[in-house]
Every structure is written in structure tokens, then in C-alpha cells.
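As C-alpha cells, the structure follows; a few thoughts come after it.
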Amino acid sequence: MLNNIFSHELSYWFKRPAFYIYVIIFFAIGLFSSGASAGLFDSVSMTVGSSRVVNSPYAIAMLFGGLSSLIIFLYPSIIGVGIYRDYKSEAHFILYSYPFTKLQYLFAKLLSGVFMVHLIILIIALGIGLGFILPGTNPDLLKSFELRPYFDVYIIYILPNLIFTGLLVFGVVTFSRNISAGFIFVLILLILQGFLVGFSEEAENRLFSALIDPFGDLALQYYTQYWTVAEQNELYIPIKGVFIYNRLIWLGVSAILFAAIYRSFSFSQNPISLSFKKKTINKIKTHNFLGIININLPKVNLDFKLSSQLKLLNKLSNIDFLYIVKSLPFVCIVLFGLLINILTLFEVGDILGTPTLPRTWRMLEAGETLTLSINICTFLYAGMLIHRSRIFKFNELIDTTPVKNWILFGAKFLAIIKMQILLLSLVLASGLIFQISQGFYDFELNLYIYELLFLSLIYFIIWAFLSFLVQTLIPNPYLGLFIMIVLLIVIPLTSLAGLEQSIYKYSQGPGYSYSDMNGYGSSVERYFIYKIYWTCLGIVFYILTLLFYYRGVVSSFRERFYLAKQRFDGLHRLTISLFTILFLSIGGYIYYENNILNIRKSSKEREVATVEWEKKYKKYEDYVQPRITSVNVNLDLFPEKRDFKASGIYLMVNKSDKAIDSLFLDHSSRISTFKFNKLNDLVLEDTIYHFDIYHFKDPILPGDTLQLTFTVKNKNNTILRNNSPVLYNGTFINNSVFPSIGYPGGELRDDKTREKYGLPPNNLKPFPSDTTALGNTYISRDSDWIDFEAIVSTSKDQIAISPGYLEREWVEEDRRYFHYKMDSKILNFYAFNSAKYLVKKDKWKNVDLEIYYHEGHDYNLDRMMKGMKYALEYCSTQFSPYQHRQLRIVEFPKILGSYAQSFPNTVPFSEGVGFIADVDDSRKGGNDYPFYITAHEVAHQWFAHQVIGADVLGATVMSESLSEYVGLKIIESVNGKNKMRKFLKKALDNYLTDRTFETKRENALMYNDGQGYIHYQKGSLVFYALSDYLGEKKLNKTISKYVNSVAFQEPPYTTTIELLSYLKEDTPDSLQYILEDMFETITLYDNKAVSASSSKLENGKYKVDFEFNVRKYRNDEKGKINFGDRKIDSISFQGSDMGKPSYSVYLEDYIDIGVFGIDQEEELELYLKKHKISAINNAVSIIVDKEPIEVGIDPYNKLIDTDSGDNRKKVKEINE
């Protein structure tokens, strides 16, 4: 009988169109996903980079596993529907009389559903495999076909997930007899998975998260999260340890789940339902009717006036709305959505373990986590409302009522809008409750209401239009739900296939952004234009839905199409025509604005333009050009119009020993004029690349000067186009708006892409050993040190700021003017700010300190002022004097980014970091990042604005890495070592994670290409560790000698080779290996605490026995592991329980060993000393005065360790 039931189920599915729709959809997704990753659309979109092999075992696991996860939305309607269908058709009364056992029935139903899903999974695999070999894919991105990667991910990853999730959904739908309940549990699983992902971001939570993750993603990530590009390209997914334990755990849970289903199932059972109302049954007795002789029916007056119909519309919508909000799926989706929202509220804006204050815009950002829940509810209940009467079999009654279609259908649509408003109101409520719970009472109710009920609601209504059309055309609400989910995911991804313009992608368009300083700015105007555009199409969909909406018994889609034609009367024609014309008109205007009036380039066109630019102008890269020595600019800002206009004078000098007859001028597309004080001919004016070549009648001789006078202003802003960087409040623009001299670079990075276009390989920057490449700083190619002066005007109610000292301030014609002049030479790197600022002032010695901040953002001004003072004191005493008489922090809107940037004596600082931090000064709190970021940026006044590296590899070590080091040492003096461990672990984790996304190459620190994860995260770790090995005072003395040698130098500029020479000179021979490991190579450690025990001695002290392993290895630029260049460079160890030996680079390393106890619930350092390590496996005994709790190798994570979580071990007490 099992075979008969199984065969019957398969026969049923093979006859269902829905199955073939699923197959087609997933085959297409698999085909085009793999094809796109392999460069299938390179002819119409940007070329796929060549750093990764897209069909490597790891890439297959990510792609095949990820696409297979989408099938989870099909489980309720395929696996769960087996037994449900028997109840729905009431065939169970007959079926249960057949002579089959409960086990046969359940297993056949389950197995048939799993088998059908299995077929779709195989179709995905087929699509992926075929996608890689489609005509047009790039063979350079592929390796030869292997079956094993598909087999591995299927057996160890996909199949266990299918069994567990399938069983769960099967049981839920079987006992509830409600497919929606199956979708609930699918969503719950996905939401819990999202929670686990967030929980696992902390390194100490990763093992636990990996074991309990039902999908196995985190178990796989446990081993692969730090895989380099080479490892991702070459290694098979690791089927071992935690991954196997995770799979066994959830297969065991699956077995228990099936046993529970088998035990609980009964052929005669009633469906399980949740209800909070006690149902009472009243018996009807026949004698109740004996006294009835005549029945007087009430008189009914039929009223079909519009007002009555609108009242009926509202009443019916209330009925549908109550059906939604009382349904279990809705309650569960909302509860879990709110749970994630609440968890997000605690995490949003967290930086270095410190949260931000719960400003209203932060609450709204957290509320975006409910977007998926609202969309899912919209898609699901659009189908449930449309098909509700047929599902519950009272459609024939409703269909005979004298209620017009537009009322019945409109009530359902209105109910969905009410549901969306309710859910958005929950964002408001949760935000207010969270703010109150945090003791924050600066509520902005107008902001809540405007964003939620205006900006957000229109987005969800647009999706409701499409979902009603899809659910009306498709008779299966769950198939309709699945199609809508696919559309929600796929539509934004069509950019990969070259469909980039938002007017072609439903519901897409520019978003909006809010800041306390600038409000929504001009972003809402563009947002509403696109939303009105899509709303017009949505209304067309709505009318089409009305036409195809049917009542009564309709046998085929052809009959429905005939009915739609019959209904397509004058009003429908007029309405569709009107909104179609509006849709096309607005779309035409958007297209005209973006493509005709303005130049718009696709990603492919930009790529080709970059190639042509290089081919045409790179030949001028080494032409000698005059150097800018003085800048004098006038900048007029018009915040109310978001416009600017500027004029300026560059004074240039030919500093070379050659005559210069041509000048290359690079400028923007803004309206500009240029005039030189020497006779010249404009021999080339490139209006595409905005690159001009001037030929001088009389060459500029060595030592001669040249003056350039220029003007620049923005083109007029439009609703759709921002042609100016000026904001209503909070303008922050830098000198990039002005012209520059010479070839500016800007070339393709990927060598394979370059090869395709006939370009040579790109090494990005020369090596620091190239003495011919030291003539420019990495900040500027057209100048060295300049004199600077600026007059900036702005609105009367704003303050304008630029580097320099305020010489004069005045008001003229309702505008406010500021004259700034620098009294010493600076880099050609400056910026301008303008906003309605309040100012906090202080002094450090003879230096004026100022913070320009937005009203209401005064929470952390004292911390930032303290950071300025500490950094000025530290750098002035440790390195060299501060070169200015003033230092300012200037706030700018977060919509421009969440960062700070150091210009001469001026530090623009985003409102998104620092200003609204909620710092906890207790030992358990996070790091004081307003203080830290301030210290880092002030350090740049030395390391960038005194010491600046040549434009070669490693230049950012002298600016970013050294500034990070200063910030760490300053914050260590305030926070102590305990918090520094958290800080260093975070830096280490960020470095190891970000290097896995490298697209070009990872060089050693001293040869880095400017990647942030190297010069920030790795650089901070390296210099912090170096200060520990050499001692802070000794390292700082060395850096001071270097600073005083190269500060404010003229070309040739300094390099990491020169910095390293100073470090080598002051580093003892026993520690020279550190410099090689940290600066010259990519060296990593794999340190592990193996065992730790302690015993109490007779004298009251404790003996700690500690076994640990130390392993060191190196990576090449792609991340491939090696253990040295020669055989003598490596050592090995193989324990009795090891299947193969462990290798390491030759060790003569000094590494910290620490023992820790507890004192009043705080960690107490009992022992910390460097031990010389020369073997992989090591054991030491240490005597400490107090009871040890924990012991560790490199316990503060100063070294680059690929698994810092196993460096410490709890001490096991031994009683002797």
C-alpha cells in the first residue's frame, strides 16, 4: 500500500501545472545565477572580476545551498499538503477505510512530498551546471567540472535541511490542517536563523551558534569564515567536527520529530487549533418551533447610493481586516517580526560595543526589519482574502449577493492597507516604548508619522497592487505567494543582467535618507516622483484585477478572459487609459531627464569609458607638470537653493629641471572657465572626460611661475538630478570640486578584465623601492605644500568653515561671509562646511579648541573635547610639536557617511558617529568611541599633515596605521587592558573577515594597496603589538626620530622602507623577526590552549600546568598557505592522536602567556610574561599567588591569530 499511495501522490503532482511552474522558475534562477557569476552578462553589464573561481567547491556550496534554501517556501504547499488535501476534499472518510497502516500512510505522504522537492533541487543543480557553460560565459572564471562539490553540498547540507524542515512543516500542516500554519513555521525558522546570525557575530558565541543552527550555515561558516581567496578557490567544504555534529544533531531531531508525528497522528483526529474563546453549543429542540404561527420579516429598503456603498465598503473591509489580525499566521509573523525589531533596537548603531542614543531616526532604521514581515503578510493575505470564500466554501452564497465587484474587491484591498498601517504603527509603538525604557524622551512624533504613514506606506501599497493581480490570476494562493516572493528577490537583481534603470523595475527607485541636521533634504522629491510613477501602474493593475476578479463558477481562464472583455466598458477604458498615460508620461519624463537632458551611463558603458580614458590619456601620466604652490578661492554657498559658485587662483611653479610646454587640466562636468596668465592654445577640450590640454606659446622654464584663474558652478538642480553637493543644512565639500593638474589615474583594477580590453596588467602603485616614483604624495599628484586662503559665504543663519584661521567675518546683502587664511603651508587637501551650528569652545595650552555641532547633539562634546586634549598632549610630547594654533571638530550629516576626516586644523565629524553615542563608562561597558575616533583624527595632524607618504605601495601605513596606533594607546590609558582586549579582538576579526573579500591581492602591511582592512585593522594590531614588544616609550622615541626627519619634507617623499629602517635600527636582534612577520610578509598564527590545570601548594600559592600549541604560517597575495621559502624554515609536530603532522614556520618567537583570576567579579591579571617558543607543542608550569581561573597563550590577542577564540582555557583544579 505504501507504494500505491506514493505512486498516487507522484501522479497527482506530475499532473499539476504548479509543479512545472516551480521547475521552470527554479531552473531559470539556477541557470541565470550561475551564468551571471561566470560573466554571462559581461556584454551588457560590468565585467565580473577574475579573483574568484565561480564554480569552485566553496562557490558551488554557497550558490547551490543558497538557491536550495529558497525552496523552503514551497514546503507547505508540496510536502505539507499531502494529508491536508485528503481532509480538504473530505476523501479521508473513504481513504481511512482502506487496509493500510498509519506508518505506510504517513511515510508515503511525506516521502512523496520530499521526493517532489528533491526533483526541484536536482533541477536547480542542473540549471547551475548548465549556466556555467552557457555561450558568453568567461572560461577564465571556471575550473573543470567536478561532481563532488554538488554531491557534498547536497548530502551534507541540503538533504538534512530538507528532511528536518520538511518534517516540521509536514507535522504542522497535518495537525493544523492549515497550509498557512506551515508558512508561519517557515518564517519563524528564517527569523530565528537571522537572530542566530546576529548572535554569532561575537566570536565567543560562534561555537554554540554553529551547533544549534538548524540549517547548518553557521556550522559551515565556523570553518570557512576566514578562508582567503585561494582557500575559497581550491578547498572542498570541510566535512568535519562541528559541521558533522550539527548535522547529526538535527538529523536526530528529525528522527524524534517523525516519531512524535507518528505517535500523535490518528485517522479520526480533529484539527488542532488555537482559540482564546470557549465555544458553547446550544441544542435546538423541536418544541421551540411549535408556537410559531406567522413570521413578520422586517421591511428592507434597498439603498444603492454611493454613500451607502462606501459605508458597505468600509464595513466589509473591517470584516476582512479582523479576519487578518485574528488569524494565527498574522499573529505569529507579527510577533516574530517584532521580536527581531526589538533585538535590532538594542543593536542598531552599535560601534565597538557601544550603542548610540535612541534617536527617532535610529528607531525607524530598526523598524526596517519589519519590511519583510509586512511584505509577506501583504502577499499572503492578498491571496487569502481573494480565495477565502472558495477555501471555506461559502463563495456561492457571497457571489449571489447584490454587492458590486468593486465593493467586494475594494474591501479586501482596503483591509490590506489597514493591516499595513497597523504593522507600521507597531514600529512607532515599539520605538516609543524602547526610547522610554532607555530613559530617552526626545520623541519626534511628526517624524514617526511622516516616514511610516507617508514614505513607507506608499511602498507597501505599490506591492499590494501587484500581489492582488497575481493572486487573482493564479487560483492557488500559495503559488501566488511564492511568485511574489520570487519577484521581490529577483527584480532588484536584474541589474546584473544589464537592466539597471529603475523605471524598468517594478517598485524600484531612489530611496530617501534622513538626518537630524538636514532632514530628508531633497531626497523625498525624487522618491515621490518614482512612487507616483509606480502607483499609476499599480492602479492599472488594480483595474485589471477588477476585470479578472470573478464570482460564481468559472471553468477556465479563457472564460475569465471573456468576462474581463465584457466588463471592459467606458469607465474602465477611461481609467486604464488615464493612468497608463500618466504612467508613460512620468516614465517618459524620468527617462528624458536621465538619458536625454543629462548623460547617463550604464555600468558597462562606464567600464568601456574607463578603458578608452586610459588608452587615450595614460600616455601623459609621466609628463612633467607645474606644481601648485598657492590656492586662493572664493566659494559662495546657497543652501536654500542647494547651489554653489566659486572662483579661485592657483599659483604654480615649474619645480623640475625641464621646460614645460603643455599643461593637462582635469576638471568636473560642472560649468567652468579657465584662464592662464601666459599665452596658450587650447589644443584639446574633451567634453566627455572633461580633460583639457593647453599648449603654451612660450614654455614654462624651470623656476618659472604660472597662474590659473578659474570659475566653477553647478548646473541647475532638478527634482531628479542633484548637480550640487550643497545641502540645506550641513554642507561638506572638499577641493575635488576644483580643477587638478595632470593625469589623475582612475583605471580598471582587474587584470583579466584589462586583458580583455587589450590593456597591460595594473600594479596599482609602484613599490616603495622605486626611487623614480617618490615625487608625489598619495594625497595629491599636482602639488606638494601650499599656501591657502579662502573666502566662504553662506546663508545668514549658517556658519561656514574651512581650514585656516578666521581673519574676518561680515554680513552683506543678507549673506554671511568668512575669510580664512592659513599661516603655514598645508597639503593641497581642504574642505568646506556650512550649517546652523552651535559652538563649544575650550583651550589646550595655547591652542584654541572648538566643536561646531547641531543643536541637540551636545551629548558627548566633553568626551570629544577630552579626546582632542589627550591626543594633542600625547602626540606633542611623544613625537613633535603641534603645527597649528587651533583645532576644530565640525559636525556633518550622516547621509554623507558615518566617518570623520582630518583636514589641516579642522576635523569634519559625522553626526552618525560620536555625537550620539551612549557611552557606558563602567568596566563592562563598550569602548568610548567618540573619544577614540577624536584621538585618531587628531593624530592625523601628525601622521598625514606632517608626515605624508609617497604615492607608492604602503603609503597609508604612515598616516592611517600610525594614527590608529595613537588612538589605541590613548584609549588604553583611559579604558585599561580589559576593554582593549575586546577592541583588539574586534580589529582582528574585521581584518580576517574583510580579507576574504579581496578582489585584487593582499600585500604585506608595508606594501599594502590602500585597503582599509590592512592599514586600519592590521596596522593597528601590528603597531600595538610592536609597542608591547619594544616598549611604548622606545617605540615612540623611534617614531619621533622618524617624524622629525621627514616632517613637511619636499620630494622625494618618505616610504615604509624608510620607516622600517628606523624600526630595525632600534629593535634588538632577537626581535627582528617581528618586523619581518608584521611588516614584510603576511604572517599569521594559530595559537591554541590545549589544557590547563592547577594545584594548591603548601605555601598557599598555586601551580598552573599549561599545555598549548603555537603554529605560524604565511600567505601569498591570494591567501595560499606556505611555511617558508626553504625546507629549514618549517618545523612539524604530530601527536599520538593526530592523523597527520602539523606544520609551522620556524619558531624562535616571544609570546605572552597569561594567568588570570577573579577579584570582585573583575578579571585579575595574576601572571603575564613573554616566553620564548621554539616548538609547536609546548608545556609550562607557572606559580601564582592567587587561585587561577583562566590561562591563555597570547591572551590579549596582540598577534594575528586565525582563531583567537581558543587562546584561553579555563583552569581545572586538581586536588592532591
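The values are calculated or read from the model by the stated rules, or taken from the named source; none is laboratory data. Quick caveat: nothing in here was measured; it's all calculated off a predicted structure. Glycine gets a Cβ as well: all are built from the backbone with ideal geometry, and neighbour counts include every protein chain shown.
In region 1-36, which residue that is among the charged types (D, E, K, R) and over 13 Å from Leu74 (Cβ atoms) is surrounded by the fewest Cβ atoms within 10 Å (Cβ to Cβ)? Out of the qualifying residues, it is Lys15.
Kindly provide the set of residues from region 1004-1022 that are within 23 Å of Ser973 (Cα to Cα) and crowded, with 24+ Cβ neighbours inside 10 Å, ordered by number.
Step one: filter region 1004-1022 for residues within 23 Å of Ser973 (Cα to Cα), giving 1015-1022.
The answer is His1015, Gln1017, Lys1018, Gly1019, Ser1020, Leu1021, Val1022.
Reported count of residues in region 970-1002, each being surrounded by fewer than 22 Cβ atoms within 10 Å (Cβ to Cβ) and more than 24 Å from the chain's Cα centre (by Cα), is 10.
Cβ-Cβ contacts under 6 Å between residues 6 or more apart (or on different chains), taken from a first residue in region 199-212 that is outside the structural domain of Val253 (by TED's automatic domain parsing) to a second residue that is of a type in the set (D, E, K, R), are absent.
Across region 1127-1166, what is the total count of residues that are among the aliphatic types (A, V, I, L, M), within 38 Å of the chain's Cα centre (by Cα) and under 11 Å from Arg1111 (Cβ atoms)? Residues flagged as among the aliphatic types (A, V, I, L, M), within 38 Å of the chain's Cα centre (by Cα) and under 11 Å from Arg1111 (Cβ atoms) within region 1127-1166 amount to 1.
Is it the case that some residue within region 1189-1205 is in contact with a helix residue (DSSP H, G or I) (Cβ under 7 Å, 6 or more places away or on another chain), without any contact (Cβ under 8 Å) to a residue 60 or more places away in the chain and not small (Gly, Ala, Ser)? No, region 1189-1205 contains no residue that is in contact with a helix residue (DSSP H, G or I) (Cβ under 7 Å, 6 or more places away or on another chain), without any contact (Cβ under 8 Å) to a residue 60 or more places away in the chain and not small (Gly, Ala, Ser). Considering Val186, Val153, the condition of being in a helix (DSSP H, G or I) and touching a Pro at 6+ places or on another chain (Cβ under 7 Å) is satisfied by Val186 alone. Taking the criterion of being farther than 18 Å from Leu473 by Cα, without any contact (Cβ under 8 Å) to a residue 60 or more places away in the chain and either hydroxyl-bearing (Ser, Thr, Tyr) or assigned to a helix (DSSP H, G or I) (or both), the residues of region 374-399 that qualify are Cys377, Leu397. Which one is surrounded by the fewest Cβ atoms within 10 Å (Cβ to Cβ) among residues in region 184-204 that are touching a Leu at 6+ places or on another chain (Cβ under 7 Å) and among the aromatic types (Phe, Trp, Tyr)? That would be Phe195.
Scan region 1039-1056 for residues that are exposed (fewer than 15 other Cβ atoms within 10 Å of the Cβ) and under 19 Å from Ser1027 (Cα atoms) and the total you get is 1. Answer yes or no: is there a residue in region 11-25 that is more than 25 Å from the chain's Cα centre (by Cα), assigned to a loop (DSSP other than H, G, I, E, B) and more than 16 Å from Phe145 (Cα to Cα). Taking every residue of region 11-25 in turn, at least one turns out to be more than 25 Å from the chain's Cα centre (by Cα), assigned to a loop (DSSP other than H, G, I, E, B) and more than 16 Å from Phe145 (Cα to Cα). Condition check: crowded, with 18+ Cβ neighbours inside 10 Å, touching a residue at least 40 places away in the same chain (Cβ under 8 Å) and among the polar types (S, T, N, Q). Does Thr369 satisfy that? The answer is no for Thr369.
For region 558-603, which positions are within 27 Å of Leu546 (Cβ to Cβ) and small (Gly, Ala, Ser)?
From region 558-603, those within 27 Å of Leu546 (Cβ to Cβ) are 558-588; that's our starting set.
Of everything in region 558-603, those that are within 27 Å of Leu546 (Cβ to Cβ) and small (Gly, Ala, Ser) turn out to be Ala564, Gly570, Ser577, Ser585, Gly587, Gly588.
Given the options Val947, Val974, name the one that is touching a helix residue (DSSP H, G or I) at 6+ places or on another chain (Cβ under 8 Å) and in a loop (DSSP other than H, G, I, E, B). Show your work before the answer.
Numbers: Val974 fails: in a loop (DSSP other than H, G, I, E, B).
Answer to the check: Val947.
Can Lys796 be described as touching a Leu at 6+ places or on another chain (Cβ under 6 Å) and of a type in the set (D, E, K, R)? For Lys796, the condition - touching a Leu at 6+ places or on another chain (Cβ under 6 Å) and of a type in the set (D, E, K, R) - is not met. Taken as a whole, the structure leaves Ile599 outside the set of residues that are in a helix (DSSP H, G or I), over 30 Å from Lys765 (Cα atoms) and not basic (Lys, Arg).
A quick yes/no check of all residues on (1) assigned to a strand (DSSP E or B); (2) polar (S, T, N, Q); (3) modelled with pLDDT of 95 or more:
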| residue | (1), (2), (3) |
| --- | --- |
| Ser630 | yes, yes, yes |
| Leu635 | yes, no, yes |
| Ser668 | no, yes, no |
| Thr673 | yes, yes, yes |
| Val683 | yes, no, yes |
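Screening Ser1136 on (1) in a loop (DSSP other than H, G, I, E, B); (2) buried (at least 17 other Cβ atoms within 10 Å of the Cβ); (3) among the polar types (S, T, N, Q) shows it passes everything except condition (2).
In region 1009-1027, what count of residues is obtained for those that are touching an Asp or Glu at 6+ places or on another chain (Cβ under 8 Å) and not aliphatic (A, V, I, L, M)?
Residues flagged as touching an Asp or Glu at 6+ places or on another chain (Cβ under 8 Å) and not aliphatic (A, V, I, L, M) within region 1009-1027 amount to 9.
When Leu488, Leu499 are screened for being assigned to a helix (DSSP H, G or I), on the phi < 0 side of the Ramachandran plot and of a type in the set (A, V, I, L, M), only Leu488 passes.
Just to be sure, is Asp1066 touching a residue at least 12 places away in the same chain (Cβ under 8 Å) and under 14 Å from Leu1199 (Cβ atoms)? In short, no.
If a residue must be under 23 Å from Phe903 (Cβ atoms) and out of contact with any strand residue (DSSP E or B) (no Cβ under 9 Å at 6 or more places or on another chain), how many such residues does region 702-738 contain? Number of matching residues: 1.
Residues of region 744-788 that are in a loop (DSSP other than H, G, I, E, B) and touching a Pro at 6+ places or on another chain (Cβ under 6 Å): Leu774, Gly775. So which residues in region 931-959 are crowded, with 24+ Cβ neighbours inside 10 Å and charged (D, E, K, R)? Residue satisfying the conditions is Glu937 alone. Considering region 813-837, the residues that are among the charged types (D, E, K, R) and touching a residue at least 12 places away in the same chain (Cβ under 8 Å) include one that is surrounded by the most Cβ atoms within 10 Å (Cβ to Cβ), namely Arg816.
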